[in-house]
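Data first, discussion second: the structure below is written as structure tokens.
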Amino acid sequence: MADLPVGEKIYGALEKSSWIRRMFEVGTALKKEHGEENVFDLTLGNPDLDPPLEFFDTIAALIQERKKGAHGYMPNAGYPDVLDTVGRLVSATHGVEVGGRSIVMTCGAAGGLNVVFKTILDPGDEVIVPRPYFAEYGAYIDNHGGRMVTVDTAADFSLDVDAIDAAMTARTRAVLINTPNNPTGKLYREAELAALGALIDARAGTTRPVYLIADEPYREIVYDGLEAPPILKQCRQSIVVTSYSKSLSIPGERIGYIAVNPSCAGADTLMAGLIMCNRILGFVNAPALMQRAVAALATARVNTQAYTKRRDLICDGLEYAGYRFDRPEGAFYVFCKSPIPDDVAFVQHLQRYNILTVPGVGFGGPGHFRICYCVPESVITRAIPRFKEALDTLPKGTANS
Ligand SMILES: Cc1ncc(COP(=O)(O)O)c(C=O)c1O
């Protein structure tokens with residue numbers, strides 16, 4: 001091991017994830033052989049919709065201002081006026097009065113989650129995560145010495161609050177939820193959030209504070225008239241982490257925020273810790289131009305109707321082809337049951353039909369595979385017959401009933 005060019009831990013992680021790289025290589029080879037347009041790449045949650053027009057206008061206007069110091073350092077939490085604007089928005093969404101002093105602007109939700117874990121975790125602390133889960137969570141928690149403890153969700157992927165309760169130990173520091181969910185498309189309802197919030201708040205005073213962390217970059221992408229319920233209202237010990245990556249289709253710009261419930265225990269110290277960790281993790285502060293842009297665009301949204309149309313196209317097509325899944329209520333993923341028990345083998349089978357998807361095992365949801373439908377409608381329409389062929393050509397008797 002002495003001659004490793006990288007640390008042993010990262011070397012181990014690279015080895016463990018080498019199958020993901022192999023799948024990526026297969027995809028690249030397929031595109032080379034058949035042409036990009038004949039390969040249906042449904043792997044990545046990279047929104048293909050353009051940002052709303054106001055985004056471009058706002059950026060252009062901000063650049064034109066040529067305001068002195070507008071590209072310099074600032075307080076590590078962000079520009080005070082931006083924090084106030086975001087605080088007002090969070091108050092309206094989450095039913096709790098949140099001032100700018102409870103907000104930290106971050107480099108996306110990924111940056112925000114790392115800041116939160118750096119701030120609250122001691123080595124060996126546990127973070128409970130319902131499964132299936134966003135595949136990066138394990139790394140984010142481990143980055144800061146924590147341990148991810150996963151618990152099952154119910155059959156329809158809703159929260160199993162009793163299972164979360166049973167998983168709590170003296171080392172539990174947080175419960176991390178993601179709603180609407182990547183990869184399942186599930187939107188948690190007010191009642192289950194209230195039950196989870198009550199469970200966490202009931203521990204106040206009996207142990208070190210335990211936090212409910214809600215990762216919600218897909219809050220605005222919901223279907224069928226559903227609305228994502230407020231989080232902060234349901235739990236005093238709550239922290240929301242989110243970004244504009246999906247709501248404005250700007251994941252490359254790395255802008256999001258952390259909002260802390262002002263009534264959580266030791267809120268001032270928690271805020272001081274978060275602000276310091278934003279700095280010492282090397283983010284220093286969230287991008288200046290983007291902070292000013294998102295504050296000016298407080299209510300702008302990408303065209304979510306386009307996602308609704310894609311959701312319906314892919315779901316109707318998959319149903320017709322004979323696949324089984326729960327229709328997503330939010331985000332832009334279908335977490336489909338694998339027709340054979342081995343989801344990695346089925347994803348490899350789909351590759352023979354030029355369809356690229358991700359096996360559920362990577363999300364802690366074996367027996368499923370994830371289809372991402374933030375791709376043009378024409379890709380979905382052309383992929384459906386290939387999905388059908390892939391299912392129809394499975395050897396008889398191998399498909400799950
Ligand atoms: C559930 C979830 N959380 C966090 C992120 C990170 O998003 P970002 O850092 O771009 O805000 C993603 C990205 O796909 C995600 O799906």
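Check Cys336 against each of (1) within 16 Å of Cys372 (Cβ to Cβ); (2) in a helix (DSSP H, G or I) and name the one condition it does not meet.
(2)
If we keep just the residues of the stretch 240-258 that are farther than 23 Å from Glu329 by Cβ and in contact (Cβ under 8 Å) with a residue 12 or more places away in the chain, which is farthest from the ligand (Cβ to nearest atom)?
Among those residues, the one meeting the criterion is Ile258.
Filter the stretch 231-245 down to the residues that are farther than 15 Å from Gly111 by Cα and in a loop (DSSP other than H, G, I, E, B) and list them by number.
Ile231, Cys235, Arg236, Gln237 - these are the residues of the stretch 231-245 that are farther than 15 Å from Gly111 by Cα and in a loop (DSSP other than H, G, I, E, B).
Quick check on His94: is it of a type outside the set (Lys, Arg) and farther than 28 Å from Ala345 by Cα?
yes
Is there a residue being under 28 Å from Ala135 (Cα atoms), touching a Pro at 6+ places or on another chain (Cβ under 9 Å) and surrounded by fewer than 18 Cβ atoms within 10 Å (Cβ to Cβ) anywhere in the stretch 367-388?
yes
Taking the stretch 32-73 as the search range and keeping residues that are of a type in the set (Gly, Ala, Ser) and outside any loop (DSSP other than H, G, I, E, B), which one is surrounded by the most Cβ atoms within 10 Å (Cβ to Cβ)?
Checking each candidate, the answer is Ala61.
Report whether or not Val334 is surrounded by fewer than 18 Cβ atoms within 10 Å (Cβ to Cβ), in contact (Cβ under 8 Å) with a residue 40 or more places away in the chain and among the aliphatic types (A, V, I, L, M).
no
Report, ordered by the first and then the second residue, all pairs with beta carbons closer than 8 Å, sequence separation of six or more or different chains, a first member in the stretch 127-144 that is free of Cβ contacts under 8 Å to residues at least 40 places away in the same chain, and a second member that is in a loop (DSSP other than H, G, I, E, B) and buried (at least 18 other Cβ atoms within 10 Å of the Cβ).
Final answer for the pair search is Ile141/Leu121; His144/Leu121.
Within the stretch 266-284, is even one residue among the β-branched types (Val, Ile, Thr) and either in a loop (DSSP other than H, G, I, E, B) or outside the structural domain of Gly95 (by TED's automatic domain parsing) (or both)?
Yes: the stretch 266-284 contains one or more residues that are among the β-branched types (Val, Ile, Thr) and either in a loop (DSSP other than H, G, I, E, B) or outside the structural domain of Gly95 (by TED's automatic domain parsing) (or both).
In this structure, does Tyr188 turn out to be in a loop (DSSP other than H, G, I, E, B), in contact (Cβ under 8 Å) with a residue 24 or more places away in the chain, more than 15 Å from Leu212 (Cα to Cα) and within 14 Å of the ligand (Cβ to nearest atom)?
Against the criterion (in a loop (DSSP other than H, G, I, E, B), in contact (Cβ under 8 Å) with a residue 24 or more places away in the chain, more than 15 Å from Leu212 (Cα to Cα) and within 14 Å of the ligand (Cβ to nearest atom)), Tyr188 does not qualify.
Evaluate the stretch 195-211: report whether one residue or more is within 14 Å of the ligand (Cβ to nearest atom), assigned to a loop (DSSP other than H, G, I, E, B) and either closer than 25 Å to Pro328 by Cα or not β-branched (Val, Ile, Thr) (or both).
Looking for residues that are within 14 Å of the ligand (Cβ to nearest atom), assigned to a loop (DSSP other than H, G, I, E, B) and either closer than 25 Å to Pro328 by Cα or not β-branched (Val, Ile, Thr) (or both), one finds none in the stretch 195-211, hence no.
Tell me yes or no: at least one residue of the stretch 167-181 is part of a helix (DSSP H, G or I), within 27 Å of Gly95 (Cβ to Cβ), within 14 Å of the ligand (Cβ to nearest atom) and out of contact with any helix residue (DSSP H, G or I) (no Cβ under 6 Å at 6 or more places or on another chain).
No - not one qualifying residue is present in the stretch 167-181.
Asp57: in the same structural domain as Gly138 (by TED's automatic domain parsing), more than 30 Å from Gly360 (Cβ to Cβ), over 23 Å from the mean Cα position of the chain (by Cα) and not hydroxyl-bearing (Ser, Thr, Tyr), yes or no?
Against the criterion (in the same structural domain as Gly138 (by TED's automatic domain parsing), more than 30 Å from Gly360 (Cβ to Cβ), over 23 Å from the mean Cα position of the chain (by Cα) and not hydroxyl-bearing (Ser, Thr, Tyr)), Asp57 qualifies.
Considering only the stretch 361-382, I want to know if a residue exists there that is within 22 Å of the chain's Cα centre (by Cα), under 22 Å from Arg311 (Cα atoms) and part of a helix (DSSP H, G or I).
Looking for residues that are within 22 Å of the chain's Cα centre (by Cα), under 22 Å from Arg311 (Cα atoms) and part of a helix (DSSP H, G or I), one finds at least one in the stretch 361-382, hence yes.
Which one of Pro262, Pro217 is in contact with a Ser or Thr (Cβ under 8 Å, 6 or more places away or on another chain), assigned to a loop (DSSP other than H, G, I, E, B) and surrounded by 22 or more Cβ atoms within 10 Å (Cβ to Cβ)?
Pro217
Considering Ala300, Ala295, Ala306, which residue is in contact (Cβ under 8 Å) with a residue 12 or more places away in the chain, part of a loop (DSSP other than H, G, I, E, B) and at negative phi?
Only one candidate passes the filter, namely Ala300.
Name the residue, out of Arg292, Arg301, Arg311, Arg370, that is of a type outside the set (Gly, Ala, Ser) and closer than 19 Å to Val104 by Cα.
Arg292
Of the residues that make up the stretch 270-284, is at least one under 26 Å from Gln234 (Cβ atoms) and at pLDDT below 95?
Within the stretch 270-284, not a single residue is under 26 Å from Gln234 (Cβ atoms) and at pLDDT below 95.
Considering every residue within the stretch 383-396, establish whether at least one is under 26 Å from Tyr188 (Cα atoms) and at pLDDT 95 or above.
Checked the stretch 383-396: no residue is under 26 Å from Tyr188 (Cα atoms) and at pLDDT 95 or above.
Mind checking which pairs have a first residue in the stretch 198-223 that is on the phi < 0 side of the Ramachandran plot and a second that is aromatic (Phe, Trp, Tyr) and within 16 Å of the ligand (Cβ to nearest atom), Cβ under 7 Å, 6 or more apart or different chains?
Once the first residue is on the phi < 0 side of the Ramachandran plot and sits in the stretch 198-223, its partners that are aromatic (Phe, Trp, Tyr) and within 16 Å of the ligand (Cβ to nearest atom) give Ile221/Tyr307; Ile221/Phe332.
Among the residues of the stretch 223-230, is any hydroxyl-bearing (Ser, Thr, Tyr) and either closer than 20 Å to Ala109 by Cβ or within 16 Å of the ligand (Cβ to nearest atom) (or both)?
So far as the stretch 223-230 goes, no, none of its residues is hydroxyl-bearing (Ser, Thr, Tyr) and either closer than 20 Å to Ala109 by Cβ or within 16 Å of the ligand (Cβ to nearest atom) (or both).
The values are calculated or read from the model by the stated rules, or taken from the named source; none is laboratory data. Quantities reported herein were computed from a predicted structural model and do not represent experimental measurements. No Cβ is skipped: glycine too gets one built from the backbone with ideal geometry, and neighbour counts run over all protein chains shown.
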